Amino acid sequence: MMKSTHLAVTVIAKQSNGAGNLLLTLESASDHPLPAFTPGAHIDVHLPAGGMRQYSLCSAANASAYEICVRLDPASTGGSRWVHQQLLVGDRLTLSAPRNHFPLPEAPRTLLFAAGIGLTPLLVMAEALAEKQADFMLHLYLKRHDELAFSARLTALGERVVIHYSSEGDSLRTQIPADLRMPANSALVACGPTGFMESLQQRALEQGWQQDQLHSERFKPDNAPITAGDSFEVEIASSGTRFTVSEEQSIAEVLEAAGIDIELSCEQGMCGACITGVLAGEPDHRDEVLSQKERAANDCIVLCCSRARSPVLVLDL
Ligand code: FES
């Protein structure tokens, strides 16, 4: 069940933006301007065949239109393939309002590490840091030169950007940038596919970074399966009503079936739409959106994918 604001937009441009990527420019289809957003925010794009996909907003600051960059996933079951092959300039789309569960952390120095299309949220962060003359570096990892997207905006950031091409033997596996050897007073912000993120985290921890200095957003394939596990109960705090979540169900499925109004979007533990407070019990976090600190606090849960380590979870609903 979706209860977030819907935005009607028109596709006003569709351009190639590095091999395999399309940059879409979307303007409001109504008299109302599109809502402002902060670096790291994403939107849900509603697909005509049903379902949604999440994309980071990559418009330059103060732009009145939204921009999103869509990479063609060879395994796509409708999202990126539909955007690349069927969506046309002039078409209308429905979006969610921007949501940000990947905000730019406050730190004296910020290191941004992106791989591939993971650049999109980090480019906006880099431009925000440059605007306030903050201390930062952006490291971008690509396979080949033809994959480079946003080249003019990267060029405008000057020496704050280092691009690493694995086709030239420069990858995280082969070289550790000097910036990564200096964790003091810094935040490390990363976005990319799972393999890159795991490699980066391992390198960072080896270099003395602490978990609370690491901030990340990773990709998951389309239609990632909901994780199953042991059965448990959830209790609705406001009513005391209890429901059993079976081995194969998610909490979200059980609550929706009971007619309880919850906000859902990606249903893959990525977007944060369904984060809900936990008043008692211990969550078994299976999501990609909560930070280590938020997980350790045990006071919230991602309903679409996470489960329980305790027999009962009391939800703040
Ligand atoms: S709906 Fe996206 S994290 Fe649950």
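Taking all protein chains into account, the per residue accessible area for the chain stands at 46 Å² (1.4 Å probe). Per-residue ellipticity at 222 nm, computed for the chain from helices alone with -39500 (n - 2.57) per DSSP H run of at least four residues, works out to -4500 deg cm²/dmol.
How much net charge surrounds residue 281 when only other residues with a Cβ under 13 Å from its Cβ are counted (Lys, Arg +1; Asp, Glu -1)? Intermediate results must be reported in sequence, preceding the final value.
On the way: positive: 242, 307, 309; negative: 233, 235, 282, 284, 299, 316.
Its environment carries a net charge of -3.
Each residue of the range 35-51 was assigned a 3J(HN,Hα) from its phi angle through the Karplus expression (A = 6.51, B = -1.76, C = 1.60, θ = phi - 60°), giving x, 5, 9, 10, x, x, 6, 9, 10, 9, 9, 7, 8, x, 7, x, x Hz with x at Gly and Pro.
Other residues with beta-carbon under 13 Å from the beta-carbon of residue 253 carry, at +1 per Lys or Arg and -1 per Asp or Glu, a net charge of -3.
Taken one residue at a time, the phi angles of the range 242-251 give Karplus couplings (6.51, -1.76, 1.60, θ = phi - 60°) of 10, 10, 8, 9, 6, 4, 9, 9, 9, 4 Hz. Gly and Pro are set to x. The alpha carbon convex hull volume per residue for the range 246-317 rounds to 81 Å³. Amide H contacts of residue 109: 187, each under 5 Å away and 5 or more positions distant or on a separate chain (H built 1.01 Å from N in the peptide plane; Pro and chain starts excluded).
Rounded to the nearest 0.05, what FRET efficiency do residue 155 and residue 299 have when you use their Cβ-Cβ distance and R0 = 41 Å?
Details: r = 44 Å, r/R0 = 1.08.
The calculated FRET efficiency here is 0.40.
Quick check on the range 165-317: take the gyration tensor over C-alpha atoms, sort the square-rooted eigenvalues as a ≥ b ≥ c, and tell me if it's rounded (a/c under 1.5), prolate or oblate. Taking the square roots of the gyration eigenvalues as a ≥ b ≥ c, the range 165-317 is prolate. Under the simplified labelling scheme, the residue 292-residue 166 pair shows an inter-label distance of 2.5 nm, with each label point 7 Å from Cα along Cα→Cβ. At full extension, residue 244 and residue 13 could sit 78.4 nm farther apart than now, given 0.36 nm per residue minus the alpha carbon distance. Note on the chain: semi-axes of the ellipsoid equivalent to its C-alpha gyration tensor, largest first and rounded to whole Å, are 33, 26, 18. Annotation: amide H of residue 52 within the under-5 Å range of 47, sequence separation 5 or more or interchain, hydrogens built in the peptide plane. When only Cα pairs below 8 angstrom with a gap of at least 6 residues are kept, the range 1-103 shows a relative contact order of 38 percent.
For residue 161, the residues 5 or more places off, or on other chains, whose built amide H falls under 5 Å of its own are 138. Counting only protein chain heavy atoms and rolling a 1.4 Å probe, the accessible areas of 143, 293, 14 rank, largest first, as 293, 143, 14.
Multiplying the residue separation of residue 100 and residue 312 by 0.36 nm and subtracting their alpha-carbon distance yields 73.4 nm. A simple count of charges around residue 167, restricted to other residues whose Cβ falls under 12 Å of its Cβ and scoring Lys, Arg +1 and Asp, Glu -1, yields -2.
The values are calculated or read from the model by the stated rules, or taken from the named source; none is laboratory data. Bear in mind the structure is a predicted one, so any value in this text is a computation, not a measurement. So basically every Cβ, Gly included, is an ideal-geometry build from the backbone, and we count neighbours across all protein chains shown. These accessible areas exclude ligands, DNA and RNA; they are computed on the full protein's heavy atoms, side chains included. Shrake-Rupley method; radii C 1.70, N 1.55, O 1.52, S 1.80 Å.
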